[in-house]
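Notes follow the structure.
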Amino acid sequence: MLYKTIKVRNGDMLVNYNIYKCDRCSNDIEEAWPMVINDINHYCYECGFLMDIIDSKEYLRHSGFGLMPNIKAAVHNGEVVLWTTKKPPWETPDSTYRKTKAYRLWRKEVFERDGYVCRHCGSDKDIQAHHIKPFAKYKKLRFKVSNGLTLCDRCHKEEHKRMKMGGRNERSVSNQ
Ligand SMILES: [Zn+2]
Ligand SMILES: [Zn+2]
Ligand SMILES: [Zn+2]
């Protein structure tokens, strides 16, 4: 929707310049910015993409991300995801994710919170960061410290055995 009209100088003239509010997220969209107009509604390009009014090509062009080589965009679980690898991140194997900086940081934060000792037996030998809710299933919780638990190797294996018996969809023990 139109939010307000201001006067701006254009050479010697004062011209009207419209500022809209995105009808989905309420962010301001200036006239000169990319926007998606659908009947009477105005959407920022991000919302336009999320609502499937524009496609990823158009989104990338509007956002400026399109200048990056090999960049791709998609809406996944209601969020805009950008990537440059061959496959989108939700299709990349889980082993890749454990090499990421985000994962290492998460593990360190979990260890720090738990004082670098196993939360089950107190040992500080072979500690690992366990995901309370399996990371394969709960992607959004992967990097939440509250979903992490420091366990030693032995307790970690036991915990996964216990989870399996509980009928939960857990991967092999070597997965963290
Ligand atoms: Zn918006
Ligand atoms: Zn332990
Ligand atoms: Zn685990």
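Structure summary
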{"item": "Residue that is farther than 18 Å from Ser146 by Cβ and in contact with a Ser or Thr (Cβ under 8 Å, 6 or more places away or on another chain), where the choices are Thr92, Thr100", "result": "Thr92"}
{"item": "The lone exception for Thr96 - which of (1) assigned to a strand (DSSP E or B); (2) out of contact with any Phe, Trp or Tyr (no Cβ under 8 Å at 6 or more places or on another chain) it fails", "result": "(1)"}
{"item": "Residue selected from segment 123-160 under the condition more than 11 Å from ligand 3 (Cβ to nearest atom) and assigned to a helix (DSSP H, G or I), by the criterion farthest from the chain's Cα centre (by Cα)", "result": "Arg154"}
{"item": "Among (1) assigned to a loop (DSSP other than H, G, I, E, B); (2) modelled with pLDDT under 95; (3) surrounded by 15 or more Cβ atoms within 10 Å (Cβ to Cβ) - the single one Asn169 does not satisfy", "result": "(3)"}
{"item": "Residue match in segment 89-104 (condition: at pLDDT 85 or above and over 17 Å from the mean Cα position of the chain (by Cα))", "result": "no"}
{"item": "Failed criterion for Val75 (all others in (1) touching a residue at least 24 places away in the same chain (Cβ under 8 Å); (2) in the same structural domain as Cys155 (by TED's automatic domain parsing); (3) more than 16 Å from ligand 2 (Cβ to nearest atom) hold)", "result": "(2)"}
{"item": "Only listed residue being surrounded by 14 or more Cβ atoms within 10 Å (Cβ to Cβ), more than 15 Å from Gly78 (Cβ to Cβ) and assigned by TED's automatic domain parsing to the domain that holds Ala73, chosen from Asp55, Asp28, Asp39, Asp23", "result": "Asp23"}
{"item": "Selection within segment 46-80 - modelled with pLDDT of 90 or more, hydroxyl-bearing (Ser, Thr, Tyr) and under 28 Å from Thr5 (Cα atoms)", "result": "Tyr59"}
{"item": "Members of segment 78-93 found to be free of Cβ contacts under 8 Å to residues at least 12 places away in the same chain and part of a helix (DSSP H, G or I), listed by number", "result": "Pro89, Glu91"}
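The values are calculated or read from the model by the stated rules, or taken from the named source; none is laboratory data. This one's a predicted model, so the numbers in the text were calculated from it and none came from an experiment. We place every Cβ from the backbone using ideal geometry, glycine too, and count neighbours over all the protein chains shown.
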